[in-house]
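These notes concern the structure reproduced below.
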Amino acid sequence: MEGSFTNFDQLPEDIIMEIFSRLPVKSLLKLKSVCKYWYILIQTPIFITKHFCHKTNHAIPFIHLYFLDKKQLSLSTNEYPLFQDLYIHKSTSLKPVIGPLNGLFFVYNLDMNEMAIWNPATKEIKNIIIPSPSFYPYFRSYAHHFGFGIDPLSKDYKVVWIRDYWKEETFTRSKSAVVSVYTLSTDSWKHFEDNTFWSSHIVMSYFGTYLDGFYYWKMINSEQQHTQCINGRQNCEILAFDLTNEVFQVIQTPNLFNSNFGTLGLYDGFVSMFFHFLVQGKTCIEIWVMEKLGFWTKRLVIESHFIVKRPIGYGVNGEIFLETTTSNLAMIDPTTQEIIKCTGPWENGYPLQVLVYKNSLVSIKKLSSGDLGKI
């Protein structure tokens, strides 16, 4: 069979790479079995980067749907066909998938004692052994929060796991948050405590919030943990984790931000806060962005006749995805402020999150062996 490809293989390598880089991942995985030369070429970091960044590898919305029916088993490794340029991922877990980073996601289900890094395009999955830190051996962990990002210095992929501990018999809580950092290249965990915050004060977000070497969470203001403002609301802060130095820092927010309203995410390349509220029967949507550390600007104001239950993500070109009170998935064009698309509802199903996704050949196996390459 290899002989029949002789003429093609006589082309310059950069021409072959250009041709191959236009192909979908599914086709390239088949081509790897044609001959040794192609197998090696398709696995090189240079080609993987070229393919991922090629203009024909379009970014698309990755829609995570939650289903009540346990028979529709979720699994993270299940791939569903594209539907009108959308990647549909079905799940029976309310836990978010975190990412993507160069086409990779972090997925977890602590009820099943499972964590993994997953590439939906190649269907490769790397199971992560869950550690048991010895800080509080007789306590129960709770208030779990995760982050997934890349150390920009080492190019290593890391998972951050934050939680508190509680002892029911004595009603005792851990004095600080317990933090575990998993490094993919060494397949190992590092554990430490941080007494500047509690994990239970972090607010859950279904948005991806990794940006430029930091992972971000919204958090109740540490100075107001047990007291409230005069208006009955608590201000919020942004907790940021530096994936290179593995330390936390706290970023202040404007006084009008509070813990009860607003969803943390990324918008237009910035850390953002998404607000929605009813004004005279219409939903008013505001998006604030942090243009510099601690400096926030109102970027966008939109009015919609849809009654919004919650924001669930942003699209490829800045479109805003919302879950309505009727469990429909609506997409708003921020320029025209019109509803572009509305799908659903699904039988026993609900839209959980929307993320911007590109198919990727990145090999988790190579990353876990220390062959980091770069994208």
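The values are calculated or read from the model by the stated rules, or taken from the named source; none is laboratory data. The shown structure was predicted, so the numbers you read here are calculated from the model rather than taken from an experiment. Cβ atoms come from the backbone with ideal geometry, glycine included; neighbour counts cover every protein chain shown. Heavy atoms of the whole protein, side chains included, go into the accessibility calculation; ligands, DNA and RNA do not. Shrake-Rupley method; radii C 1.70, N 1.55, O 1.52, S 1.80 Å.
Applying 1/(1 + (r/R0)^6) with R0 = 41 Å to the Cβ-Cβ distance of L211 and K365 gives a FRET efficiency near 0.95. Exposure here means at most 11 other Cβ atoms within 10 Å; with chymotrypsin sites (Phe, Trp or Tyr not before Pro) in a DSSP loop as sites, the longest stretch of the chain lacking them is 172-375.
Anything in the chain that counts as a DSSP H helix reaching 30 Å or more along its axis (C-alpha) with Kyte-Doolittle mean of at least -1.0? List them, would you? Flagged H segments: there are none. Rounded to 0.05, the FRET efficiency of the C53 and T170 pair, given R0 = 51 Å and the Cβ-Cβ distance, is 0.40.
Rounded to the nearest 20, the Cβ-based charge dipole of the chain about its Cα centre (Lys and Arg +1, Asp and Glu -1) stands at 420 debye. Counting Lys and Arg as +1 and Asp and Glu as -1 over every other residue whose Cβ lies under 11 Å from the Cβ of M273, the net charge comes to +2. Report the local net charge at P133: Lys and Arg +1, Asp and Glu -1, summed over other residues whose C-beta lies under 12 Å from its C-beta. Net local charge, P133 excluded: +1.
When the GluC sites (Glu not before Pro) in region 130-223 are filtered for DSSP coil states and for at most 13 other beta-carbon atoms within 10 Å of their beta-carbon, the remaining sites are E168, E169.
In the chain, the DSSP-assigned H stretches of four residues or longer account for a calculated mean residue ellipticity at 222 nm of -2500 deg cm²/dmol, using -39500 (n - 2.57) per stretch and the full residue count as denominator. As a fraction of the 1.4 Å probe accessible area of the chain, surface on carbon and sulfur atoms comes out at 54 percent. Length gained on full extension, K309 to F135: 58.7 nm, using 0.36 nm per residue less the C-alpha separation. Computed from backbone phi with θ = phi - 60° and the Karplus coefficients 6.51, -1.76 and 1.60, the 3J(HN,Hα) list for region 146-155 is 10, x, 9, x, 10, 6, x, 7, 8, 6 Hz; x is used for glycine and proline.
Summed over the residues of region 303-373 and divided among them, the accessible surface reaches 44 Å² per residue at a probe radius of 1.4 Å. Within the set of other residues whose C-beta is less than 15 Å from the C-beta of T209, count the net charge using Lys and Arg as +1 and Asp and Glu as -1. Residues near T209 contribute -2 overall. Potential lengthening of the chain between L153 and K292 amounts to 47.9 nm, from the contour at 0.36 nm per residue minus the alpha-carbon distance.
In the context of the full set of protein chains, region 247-302 has a per residue accessible area of 51 Å² (1.4 Å probe).
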